[in-house]
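Everything below concerns the one structure shown next.
The values are calculated or read from the model by the stated rules, or taken from the named source; none is laboratory data. All of these numbers come straight from a predicted model, not from anything done at the bench. Cβ placement follows ideal geometry from the backbone for every residue including glycine, while neighbour counts extend to all protein chains displayed. Just the protein is used for accessible areas: all its heavy atoms, side chains included, with ligands, DNA and RNA removed. Shrake-Rupley method; radii C 1.70, N 1.55, O 1.52, S 1.80 Å.
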Amino acid sequence: MGFIGAFVTTFIYQPFFNLLVYIYLLLSKMTGGNSDMGWAVIIFTVIFRIILLPLSMRGERSEKERWEISQRVDSVERNFGHDPVKKKEAIRAIISSNKKVLSWEMFDLIIQVLIALMLYRIFTTGLEGTDLHLLYNFMPKIAEPFNLVFAGTYDLSKPSFIINVVNTAVIFMAEFLSIRTSPLPMSREDLMMLAVLPIGAFTFFAFMPAGKKLFVTTTLLFSIALILARQAIYLYYSFTASKKRAVLQ
């Protein structure tokens, strides 16, 4: 294992793996050993999303900034399409003046890749016992294999058609709400995304472990809750502002 692999394992994978196992052991203790890893994954996901909430909020601002950059680039393409030299200089100037936004986009991509790798390892080998040596010394000893059968039916280490269907539906719902509540106008690309997203998502996740799909489903439900809360706050302030204007008139 190289330096980067050791770094990722020690400072990213190992802490979250220990957190998931601790939640599982705590639930098992509270339920007299009747819990399963699925419920631990759901609680773990909510904690994980709360930890990453500042990044999510920054990402929402970055999305609008990236859209504004794309509009400026499109304008340059239209105005300097006949002059490649000026077009290249103008695009370079746009990129140079928005380095923070583009750097954040790269950082966000790296985070997403690390999360995907971490989840794949957890639900393919980690929970089957391969990574038990990564448990911290203060963690309770594992006396028996983890119960990886969620709700007595779905093996989290193997693909599940039913969980994949639910996961696909939640992905579509999250994308639909994100587009509908966005301050940016709905585009033709957005409509095409909604049309092809279910097929693409179902195919992409088809052969992945059910545990990873359970994580994705839970994290998207968390996102949907945030979208609805944000929309409720927006509607409340809009209603309050309308009442104030009516009183002043």
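Worth pointing out:
- Electrostatic bookkeeping for T168 treats Lys and Arg as +1 and Asp and Glu as -1; over the other residues with beta carbon under 15 Å from its beta carbon, the sum is +1.
- Averaged over its residues, segment 140-193 has an accessible area of 66 Å² per residue, based on protein heavy atoms and a 1.4 Å probe.
- Trypsin sites (Lys or Arg not before Pro) restricted to DSSP loop in segment 132-224 with at most 16 other C-beta within 10 Å: K141
- Label-zone membership for segment 150-192, site L226, 7 angstrom Cα→C-beta point, backbone N under 19 Å: 170-184
- One Cα centroid belongs to segment 1-15, the other to segment 130-188; the line between them spans 22 Å.
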